[in-house]
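Each remark here refers to the structure printed beneath this line.
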Amino acid sequence: MDHSRVPVLEALEEFRRRGDVVFGPPGHKQGRGADPRVAEIVGLDVFRSDVLSLNGLDDRRQSQGVLSQAQDLMADAVGAEQTFFSTCGSSLSVKTAMLAVAGPGEKLLLSRNAHKSVIAAVVVNGVEPIWVHPKFDTERHLAHPPEPDDVRRRLQEHPDAKGMLLITPTEWGACADIAGVARACHEFDVPLIVDEAWGAHLPFHPELPAWGMDAQADLVVTSVHKMGGAIEQSSVFHLQYDRVSPEVLKQREDLLGTTSASSLVYATLDGWRRQMVEQGHTLLDAALHRAERVRSAAGDLPGLRPMGREAVKEGFAAELDPLKIVIDVRELGITGMQAAEWLRTHCHVDVGGSDSCRISASVTHADDDETEKVLLDALRALTRGAGSIEKQPPVRLPAPSALELEQAMLPREAFFAAVEHVPAERAAGRIAAETVSPYPPGVPVVVPGEVITDEVLDYLRSGVEHGVLIPDAADPSVQTLRVVARD
């Protein structure tokens with residue numbers, strides 16, 4: 001296929017050339033009605049590029065096939081059989097993917113280290129989750145993806161399960177043995193969905209970890225805005241084989257997706273695909289060398305411990321994404337959250353993620369010598385300034401087994417049940433009716449339907465005292481919890 005073509009961008013260029021005058025949405029009429037004070041900040045071209053697909057980029061009949069051509073080019077670029085664009089982010093795409101495989105009341109295997117969007121999908125879709133617990137690195141207090149034998153064992157226990165959802169890479173760059181998990185699923189003739197939100201770049205350089213389509217996954221959801229070059233909410237479904245019907249996937253996406261898709265998302269997805277096909281290897285090669293320099297230099301700084309290849313071993317990660325710079329800061333006497341706040345306040349550097357133990361910085365093809373220097377200078381400043389950071393009450397991290405809570409009710413049933421709010425000191429033993437997720441990274445500690453324990457309460461309350469954010473809880477202070485009412 002001709003990857004110099006960019007059907008969406010070409011259609012947008014032609015729309016501007018024609019000078020169409022639009023008497024439908026968007027109401028700002030390609031910026032003519034935009035407040036100049038807004039345009040001064042975001043740029044008038046943002047509004048000029050905000051065009052409907054129907055009667056805009058394409059005609060009423062979509063006779064030009066603008067979007068379908070762009071999707072076909074994307075599929076060809078990454079080796080998928082079919083590709084669909086989504087403009088609602090992978091938080092919605094993963095819900096769609098799950099619903100395309102398992103319907104209400106049906107079983108679906110899920111990694112328990114899933115993002116809160118996956119738990120939301122369990123509630124919305126009404127599936128019965130069969131949890132596959134991650135491997136836990138107790139020294140780093142870090143969850144790695146489950147292994148093929150874990151998946152195979154759960155499929156043996158639940159032969160009526162409709163498929164498996166695997167999250168890889170994780171927020172911290174740990175990658176699963178996708179091919180091994182795919183083999184386990186296919187032994188039972190069920191599909192493997194891969195939530196590869198952090199893996200948009202993986203198909204475009206051989207030194208990066210294997211990506212879902214190459215590793216025999218059936219359906220892969222990717223957030224191109226995370227590690228790629230498209231704007232926020234840019235998400236893509238990639239599909240191969242016949243275990244997931246493209247017709248069903250499209251219908252489920254139509255059920256959950258927007259009818260007002262953003263041309264800005266479509267256009268930047270289209271342009272990113274062309275950039276990666278034409279220049280991706282060179283750009284990512286430079287990024288890989290840059291990331292290695294940063295990781296090596298950070299490892300030479302006192303109190304910083306970057307995660308490296310030592311995490312790739314049986315029971316831990318199958319691979320690591322080398323473009324994720326994950327640095328344990330506990331030897332500085334601070335938490336990752338404190339480090340993130342200090343770096344923003346004192347160095348104007350915003351890291352990608354932080355928790356009680358570490359920070360992470362993503363290196364992409366967009367970085368250059370200047371941003372590399374800024375990051376390393378900021379890390380050096382952090383090691384010098386950490387002693388001045390006020391000590392906070394410690395986060396009391398639970399043992400890994402304490403995070404494997406009993407599932408007493410289906411998440412959907414618990415979420416929509418009659419509820420009451422109880423003080424935290426009386427919540428142990430009660431069934432949660434809400435999702436409780438320290439954010440970032442947004443992996444729920446408590447899921448609706450799980451039985452709350454003292455260990456988890458101690459972890460959450462100590463986290464809040466330290467400064468952990470829990471935005472999805474009814475009471476973000478965790479002074480009270482939303483639980484299923486007793487008869």
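The values are calculated or read from the model by the stated rules, or taken from the named source; none is laboratory data. Since the model is a prediction, treat every value here as computed from it, not as a measurement. Reconstructed Cβ throughout: ideal geometry from the backbone, glycine too, with neighbour counts over all protein chains shown. Ligands, DNA and RNA are excluded from the accessible area calculation, which covers all protein heavy atoms including side chains. Shrake-Rupley method; radii C 1.70, N 1.55, O 1.52, S 1.80 Å.
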Within the under-13-Å Cβ sphere about Gln240, not counting Gln240, Lys/Arg +1 and Asp/Glu -1 give a net charge of -4
Dividing the mean separation of Cα pairs under 8 Å (6+ apart) by the residue count of the chain yields a relative contact order in percent of 13 percent
As a percent rounded to 5, the proportion of antiparallel DSSP bridges among beta bridges in the chain is 70 percent
Expressed as a whole-number percentage, the relative contact order of the stretch 400-487 with C-alpha contacts under 8 angstrom and at least six residues apart is 38 percent
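For His289, His3, His144, give me the order by solvent-accessible area with a 1.4 Å probe, most accessible first, ignoring ligands, DNA and RNA.
His289, His3, His144
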Most packed first (mean Cβ within 10 Å per residue), the peptides 470-483, 112-125 order as 112-125, 470-483
By the C-alpha gyration tensor axes a ≥ b ≥ c (rounded if a/c is under 1.5, else prolate when a/b exceeds b/c, else oblate), the shape of the stretch 339-414 is oblate
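Could you check how much of the accessible area of the chain is carbon and sulfur, as a whole percent, using a 1.4 Å probe?
49 percent
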For the stretch 147-157, in residue order, the Karplus 3J(HN,Hα) values (coefficients 6.51, -1.76, 1.60; θ = phi - 60°; whole Hz; Gly and Pro = x) are 9, x, 5, 4, 5, 4, 5, 5, 5, 5, 6
The answer for Thr480, listing residues at least 5 apart or on another chain whose modeled amide H is closer than 5 Å to its amide H, is Ala424
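Given the pairs Lys116/Lys226; Lys107/Lys313; Lys135/Lys162; Lys29/Lys250; Lys29/Lys116, which are separated by over 28 angstrom at their Cα positions?
Lys107/Lys313; Lys29/Lys250; Lys29/Lys116, as the Cα separations exceed 28 Å there.
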Non-local residues with an amide H under 5 Å from the amide H of Lys107, with H modelled 1.01 Å from N and Pro and chain starts lacking one, are Glu128, Lys162
Loop-resident GluC sites (Glu not before Pro) in the stretch 304-352 with no more than 11 other Cβ atoms inside 10 Å, DSSP not H/G/I/E/B, are Glu314
With +1 at each Lys and Arg Cβ and -1 at each Asp and Glu Cβ, the charge dipole magnitude of the stretch 346-487 around its Cα centre, to the nearest 20 debye, comes out at 360 debye
Rounded to whole Å, √(5λ) for the Cα gyration tensor eigenvalues of the chain, largest first, gives 35, 29, 24
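Using +1 on the beta carbon of Lys and Arg, -1 on that of Asp and Glu, and nothing else charged, what's the dipole of the chain about the Cα centre, debye to 20?
On the way: 48 positive and 72 negative charges, 154 e Å.
Taking the Cα centre of the chain as origin, the dipole is about 740 debye.
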Taking Lys and Arg as +1 and Asp and Glu as -1, residues besides His28 with C-beta under 14 Å from its C-beta add up to +1
Interchain or sequence-distant (5+) residues whose placed amide H lies within less than 5 Å of the amide H of Ser235 are Ser86, Cys88, Gly89, Val224
In order over the stretch 89-97: 3J(HN,Hα) from phi, Karplus 6.51/-1.76/1.60, θ = phi - 60°, whole Hz, x for each Gly or Pro, gives x, 6, 4, 7, 4, 5, 4, 4, 4
Filtering GluC sites (Glu not before Pro) in the stretch 180-227 by DSSP loop and by at most 13 other Cβ atoms within 10 Å leaves Glu207
Normalised Cα Rg of the stretch 268-307, dividing by 2.2 N^0.38 Å with N its residue count, works out at 1.66
Given 155-162, 68-75, the highest-first ranking by average Cβ count within 10 Å works out to 68-75, 155-162
Expressed in Å to one decimal, the Kirkwood Rh of the stretch 50-160 from all distinct alpha-carbon pairs is 17.0 Å
Using alpha-carbon positions, the gyration tensor of the stretch 220-291 gives root eigenvalues a ≥ b ≥ c; with a/c under 1.5 called rounded, otherwise prolate if a/b exceeds b/c, else oblate, the class is prolate
Per residue, accessible area of the stretch 109-244 with a 1.4 Å probe, heavy atoms of protein chains only, in Å², comes to 29 Å²
To the nearest 20 debye, the stretch 157-302 has a Cα-centred charge dipole, built from +1 on Lys and Arg Cβ and -1 on Asp and Glu Cβ, of 400 debye
Filtering trypsin sites (Lys or Arg not before Pro) in the stretch 294-344 by DSSP loop and by at most 16 other Cβ atoms within 10 Å leaves Lys313
Sequence order, the stretch 224-240: Karplus ³J(HN,Hα) from phi using 6.51 cos²θ - 1.76 cosθ + 1.60, θ = phi - 60°, Hz rounded, Gly and Pro as x, gives 6, 6, 6, 10, x, x, 9, 6, 3, 6, 7, 9, 9, 9, 10, 9, 8
